[in-house]
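The values are calculated or read from the model by the stated rules, or taken from the named source; none is laboratory data. All values reported here derive from a predicted model rather than from experimental measurement. In this analysis, Cβ positions are derived from the backbone assuming ideal geometry, glycine residues included, and neighbour counts consider all displayed protein chains. Ligands, DNA and RNA are stripped out before the accessible areas are found, and what is left, the full protein with its side chains, is counted by its heavy atoms. Shrake-Rupley method; radii C 1.70, N 1.55, O 1.52, S 1.80 Å.
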Amino acid sequence: MPLQSIIEPPKEADPPEAGWPLIIFLHGTTERGSNLQKLTRRGPLAYRADGGRFSCYVAAPQCPATTTWNHLNDELRQWLDALLMTHPIDPNRITLTGFSLGGSGILDWAYRSPERFAALMPVAGVDIPDGKRNPCVLASIPMWIIAGRKDKVVSASGAEAFIALMKSCGTEPRYTLYDTNHVETAKRAYRNPELYNWMLSQSRVKSSQLGG
């Protein structure tokens, strides 16, 4: 069954020549189900609803109540392929961000398709690595990892263990540790305009290839 989603275009009328950037948001456990309104509670859609401005598409698929993101790999791939066919989106400027269950979900998706994404931003969603995957698969993708010191749901120790692994691959993700619990980490992160500026500055085409 195809995934339900909210797809929100930018306010501006004319797309850049290569198309708009795309931020994909994967939600957490409590937003699963079939009520799309839940997807506007937090994350980029909530920031925009509160008046935040950033020029790109935002797309948020919804995970059915009976499963989790890591079991939806085929569905996510088909959903993204369809999105790129029907909207003026630049395939080199797709960033994944996700909260909680969605944070581990974006890493799972990126492990399976690292060539598709310009950047990754998991928020309160990095579990302690289980050793089953080679983290160096992700080494070429810019990452900004956000965790909460008081988070009792997804401990910041997972983020720190993952970052240590990435360092062994020769790369160091950007890391922000808030003094917050699980839900407050998401609220604080997704209200910060700097996050959106960073996500929209990333591209799989390096500036040298753009002639800059």
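Below 8 Å, C-alpha to C-alpha, sequence gap of six or more: please give me the relative contact order for the chain in percent.
Working: 396 pairs, mean separation 44.2, N = 212.
For the chain, the relative contact order is 21 percent.
Roll a 1.4 angstrom probe over the protein heavy atoms and tell me the percent of accessible area of the chain that is carbon or sulfur.
The nonpolar share, carbon plus sulfur, comes to 50 percent.
Name the cysteines of the chain that stand alone by the Cβ rule: no other cysteine Cβ under 4.7 angstrom.
Cysteines lacking a close Cβ partner in the chain: Cys56, Cys63.
Anything in the chain that counts as a DSSP H helix reaching 18 Å or more along its axis (C-alpha) with Kyte-Doolittle mean of at least 0.5? List them, would you?
Passing helices, by number: 156-168.
Under a point-charge model restricted to the Cβ atoms of Lys and Arg (+1) and Asp and Glu (-1), what is the dipole moment magnitude of the stretch 53-150 relative to its Cα centre, in debye to the nearest 20?
Working: 9 positive and 8 negative charges, 70 e Å.
Charge dipole of the stretch 53-150: 340 debye, to the nearest 20.
What ranking do 198-205, 139-146, 90-97 get when scored by the average of other Cβ atoms within 10 Å per residue, highest first?
So the peptides 198-205, 139-146, 90-97, ranked by packing, come out 90-97, 139-146, 198-205.
Taking only C-alpha pairs under 8 Å that are 6+ residues apart, what is the relative contact order of the stretch 28-70 in percent?
Dividing the mean separation by the residue count of the stretch 28-70 yields 52 percent.
With the Cα gyration tensor of the stretch 58-212 giving a ≥ b ≥ c as the square roots of its eigenvalues, does the rule (a/c under 1.5 for rounded; else a/b larger than b/c for prolate; else oblate) give rounded, prolate or oblate?
Rounded.
In the structure shown, do any of Lys132/Lys152; Lys38/Lys187; Lys11/Lys187; Lys38/Lys152 have a Cα-Cα gap over 21 Å, and if so which?
Pairs exceeding the cut-off: Lys132/Lys152; Lys11/Lys187; Lys38/Lys152.
Indicate the gyration tensor shape class of the stretch 130-212 (rounded, prolate or oblate), computed on the Cα atoms with a ≥ b ≥ c the square roots of the eigenvalues: a/c under 1.5 is rounded; otherwise a/b larger than b/c is prolate and the rest oblate.
oblate
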